[in-house]
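Note sheet for the following structure.
The values are calculated or read from the model by the stated rules, or taken from the named source; none is laboratory data. Keep in mind it's a predicted model, so treat the numbers as computed, not measured. No Cβ is skipped: glycine too gets one built from the backbone with ideal geometry, and neighbour counts run over all protein chains shown.
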Amino acid sequence: MTLQRWVFLRKLTAAAAASSSPPFSLPSSLSCCTHVLGFSQSAAANMAEEAKKLAAYSAVDNNVQNNQAVGVGSGSTIVYAVDRLAQLLGELKPMLSLLPQARQLILQHGLALSDLERHPELDVAIDGADEVDAQLTLIKGGGGCLTQEKIIAGNSKCFVVIADYRKDSSVLGEQWKKGVPIEVIPMAYVPVSRVIAKRFGGEVNLRMAVSKAGPVVTDNSNFILDWKFEDVQNWSEVNTAIKMIPGVVETGLFVNMAERAYFGMEDGSVKVRKAPAN
């Protein structure tokens, strides 16, 4: 289902709900996409995917040029960014060097792989986020790749975020309820958990694997803690303080790193948020 079609269906449902007339039914050509004047989970998922695509295409079109070294992350939205980069390869012949967080995806699209040894400074990095607040502070790491993704973002001249409307928040924790991911050395996960909970409050849990026994293990052979914080914090100070705890490798707080965020919206538009001027 296209985003425009979803919006049309939503308007029809709203009109029906507000009406005092006899029970409303959609035209038969549309009824397969609804469930008793509601929308199926698949329709909502399709809308979110359309929004991701809009954000990714817009970000690539406005930030990638010829002869650039481009870093990409590994989130679900990156699929659309790589797709657009492959289209540009055919249309504009840009010389793109992409980092291997999405290695197989990149190779399938015929794009060139590189690394930070050959390109220690990237022209632009594009990645998704689990949540973005009004100051462009991010929570990342839902997929467990926060350290490598932060290295890419930190070594780029311009870091651009792409996301759908569900990731757009005024403050962190408004939409994302799973907490801040923190990568830790395995032997230190218990003392690190205790220190974070004592110093900052909230709840710290070791992330457990779903399809296998035991905890999630990162690409760096470490564990992931998920810190469910209770209150809005000074994220810059918290990020620095947590990183100073012995055994912490990296946090999923990306503070003062993103330059712009592109959000695919429910109405088919793309909202762009720029970082506040320092």
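So the values come out like this:
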{"read-out": "Subset of segment 228-261 [in contact with a Leu (Cβ under 9 Å, 6 or more places away or on another chain) and hydroxyl-bearing (Ser, Thr, Tyr)]", "value": "SER236, THR251"}
{"read-out": "Residues of segment 175-198 classified as surrounded by 13 or more Cβ atoms within 10 Å (Cβ to Cβ) and not in a helix (DSSP H, G or I), total", "value": "10"}
{"read-out": "Residues being in a loop (DSSP other than H, G, I, E, B), over 10 Å from the mean Cα position of the chain (by Cα) and at pLDDT 95 or above - total across segment 131-154", "value": "5"}
{"read-out": "Subset of segment 245-278 (residues that are part of a loop (DSSP other than H, G, I, E, B), farther than 22 Å from ILE152 by Cα and among the aliphatic types (A, V, I, L, M))", "value": "ILE245, MET265, ALA277"}
{"read-out": "Number of the exception - GLN104 against (1) farther than 30 Å from ASP267 by Cα; (2) assigned to a helix (DSSP H, G or I); (3) touching a residue at least 40 places away in the same chain (Cβ under 8 Å)", "value": "(3)"}
{"read-out": "Any hit, segment 197-208, residues being in contact with an Asp or Glu (Cβ under 6 Å, 6 or more places away or on another chain) and small (Gly, Ala, Ser)", "value": "yes"}
{"read-out": "Qualifying positions in segment 40-64 - in contact (Cβ under 8 Å) with a residue 24 or more places away in the chain, over 19 Å from GLN87 (Cα atoms) and among the small types (Gly, Ala, Ser)", "value": "ALA43, ALA48"}
{"read-out": "Candidates ALA69, ALA56, ALA51, filtered to the one that is in contact with a strand residue (DSSP E or B) (Cβ under 7 Å, 6 or more places away or on another chain), buried (at least 16 other Cβ atoms within 10 Å of the Cβ) and either modelled with pLDDT under 95 or not in a helix (DSSP H, G or I) (or both)", "value": "ALA69"}
{"read-out": "One residue from GLU91, GLU149, GLU121 being touching a residue at least 40 places away in the same chain (Cβ under 8 Å) and surrounded by fewer than 16 Cβ atoms within 10 Å (Cβ to Cβ)", "value": "GLU121"}
{"read-out": "Qualifying positions in segment 152-171 - touching a Leu at 6+ places or on another chain (Cβ under 8 Å) and buried (at least 19 other Cβ atoms within 10 Å of the Cβ)", "value": "ILE152, SER156, VAL161"}
{"read-out": "Test: residue in segment 228-249 that is closer than 29 Å to ALA45 by Cβ and of a type outside the set (Gly, Ala, Ser)", "value": "yes"}
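Rundown of residues vs (1) aromatic (Phe, Trp, Tyr); (2) at pLDDT 95 or above; (3) more than 20 Å from the chain's Cα centre (by Cα); (4) surrounded by 15 or more Cβ atoms within 10 Å (Cβ to Cβ), yes/no style:
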residue	(1), (2), (3), (4)
PHE200	yes, yes, yes, yes
LEU206	no, yes, yes, yes
PRO215	no, yes, yes, yes
ASP231	no, no, yes, no
ALA241	no, yes, yes, yes
PRO246	no, yes, yes, no
ARG260	no, yes, no, yes
MET265	no, yes, no, yes
